[in-house]
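Asks: Submitted below is the structure of interest, expressed as structure tokens.
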Amino acid sequence: MARSVIKLGSAIVAGEDGTLRQDVLAQVCSAVAERHAAGDELVMVTSGAIAAGVSALALAGRPESVDELQAASAVGQGRLYPVYDELLRARGVTAAQVLLTFFDLSARTNYLNARQTLGKLLEWKVVPVINENDTTATDEISFGDNDFLAAQVAILVGAQRLVLLTNTEGLYSSDPGRVADAQLIPEVVDFAALEQFEITQSTSAHGSGGMRSKVTAADMATAAGIETTICSGAREGVLARVLAGEHEGTRFAPRETRYSSFKLWLKYAKPSRGEIVVDAGAARALREEGTSLLPVGIVEVSGGFEAGDAVDIADAAGALGKGISSYSAVELQRVKGLKSQAVRELVPRAAEEAVHRDYLVLD
């Protein structure tokens, strides 16, 4: 039994005019139903609500303002999910609609509640169909055509496989729409090697992600040990073959070094509210010895964070990682650079560590 998350991009869900691509969605749902019947557990993450709303409202194109995007999504959601429900039900599969926002994953309690709910649905042999709740999300906290959402869901449910369905065959060495001899990259084992290629953020008429966000999503998922594939969602049989373990498109191999579920949540889901800059000694201790960060090693504090918020950690050379601060920004401004005894005198009952190593993840 395998657990897979399948993400459908806007270009797969809807055509240029916003009309839902019923033939493609039927093909995807058939592949899902086939693996479901074989005992696999599957979660679908879909884009396309805004596109469906644009079509239903006969708008000239994708809106640009947040309120118009949210209104179009509200109309489109009511048209999109019933299509999945009908297609899956006709193939003997029960579906469930789940709407998530960034806040649902950035708050730890909400994150755990979402994991429990999705786990129960999978236990009941239900296929969750997840979309971002665009009606309440803002442009500052959106998932980027649901690529990041799909990666977060894959981490959340402990999937073995993430499949990102798009309107190209996979990741190319450059934009195949502009470069005739662009080469498909069949496998990625080292993300640093991708720097030599041109990975664009160009999107479809109704999308907001692009290939760059898909590569970032693959980076997130493989850090959790989740094999990720970017492949065509329109070509017949591709998804069925990927779910059966065959190679299609671009495969991203799982990392050997993996983070815990908590540290993955901290690294990718919890937003940073400020930054702490540390001296060379503290940076070396964090990198080489895996220590906690003490106030004595802090040289600069910025942002308006409170105790319990996530903060970026950097040194003079650049980013080091991210952690949960035991102090507010105001408190850290008072105690930065001080040894523990002096800290205790200024902030009674304060934690010895500014950021405990258990709540710290390095880049």
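Asks: Could you check region 251-310 and list, in sequence order, the residues that are hydroxyl-bearing (S, T, Y) and either more than 22 Å from the chain's Cα centre (by Cα) or more than 20 Å from D104 (Cα to Cα) (or both)?
Replies: T257, Y259, T291, S292, S302
Asks: Starting from residues that are under 20 Å from the mean Cα position of the chain (by Cα) and not in a strand (DSSP E or B), keep the ones in region 222-242 and report whichever is nearest to V24 (Cα to Cα).
Replies: Top of the filtered list is G233.
Asks: Those residues that are part of a loop (DSSP other than H, G, I, E, B), farther than 26 Å from A269 by Cβ and at pLDDT 90 or above, I need them from region 169-219; list them, please.
Replies: E169, G170, I185, P186
Asks: For region 108-122, give me each residue that is β-branched (V, I, T) and farther than 17 Å from R3 by Cα. I'd like the intermediate steps shown before the answer.
Replies: Residues of region 108-122 that are β-branched (V, I, T), as a first pass: 109, 117.
Scanning region 108-122 gives a single hit, T109.
Asks: When you go through (1) on the phi < 0 side of the Ramachandran plot; (2) at pLDDT 95 or above one by one for Q77, which number turns out not to apply?
Replies: Answer for Q77: the failing condition is (2).
Asks: Okay, next question. Can you tell me which residue is modelled with the lowest pLDDT among those in region 307-347 that are acidic (D, E) and closer than 13 Å to P271 by Cα?
Replies: Within region 307-347, the match that is modelled with the lowest pLDDT is D309.
Asks: Please verify whether A310 is in contact with a Pro (Cβ under 7 Å, 6 or more places away or on another chain) and either among the hydroxyl-bearing types (S, T, Y) or not assigned by TED's automatic domain parsing to the domain that holds L162 (or both), treating the condition exactly as stated.
Replies: yes
Asks: Could you name every one of the helices (runs of 4 or more DSSP H) located completely within region 9-121 that has at least 1 residues being among the small types (G, A, S), buried (at least 16 other Cβ atoms within 10 Å of the Cβ) and free of Cβ contacts under 8 Å to residues at least 40 places away in the same chain?
Replies: In region 9-121, 49-56, 66-89 are the helices (runs of 4 or more DSSP H) which contain 1 or more residues that are among the small types (G, A, S), buried (at least 16 other Cβ atoms within 10 Å of the Cβ) and free of Cβ contacts under 8 Å to residues at least 40 places away in the same chain.
Asks: Another one. Please specify each residue of region 130-147 satisfying the condition of being under 15 Å from the mean Cα position of the chain (by Cα), farther than 10 Å from K7 by Cα and modelled with pLDDT of 60 or more.
Replies: E132, N133
Asks: Something else about it: Mind listing whichever residues of region 316-363 are buried (at least 20 other Cβ atoms within 10 Å of the Cβ) and acidic (D, E)?
Replies: The answer is E331, E353.
Asks: What number goes with the only condition from (1) within 18 Å of A269 (Cα to Cα); (2) modelled with pLDDT of 90 or more; (3) surrounded by fewer than 14 Cβ atoms within 10 Å (Cβ to Cβ); (4) in contact with a helix residue (DSSP H, G or I) (Cβ under 9 Å, 6 or more places away or on another chain) that K125 does not pass?
Replies: The number of the failed condition is (1).
Asks: Can you tell me which residues in region 335-363 are in contact (Cβ under 8 Å) with a residue 12 or more places away in the chain and at positive phi?
Replies: G337
Asks: Determine which member of the set G274, G290, G281 is at pLDDT 90 or above and surrounded by 14 or more Cβ atoms within 10 Å (Cβ to Cβ). Spell out how you get there, then give the answer.
Replies: Numbers: G290 fails: surrounded by 14 or more Cβ atoms within 10 Å (Cβ to Cβ); G281 fails: surrounded by 14 or more Cβ atoms within 10 Å (Cβ to Cβ).
Among G274, G290, G281, only G274 is at pLDDT 90 or above and surrounded by 14 or more Cβ atoms within 10 Å (Cβ to Cβ).
The values are calculated or read from the model by the stated rules, or taken from the named source; none is laboratory data. Because the structure is predicted, anything quoted here is derived from the model rather than measured. All Cβ positions, glycine included, derive from the backbone under ideal geometry; neighbour counts span all protein chains shown.
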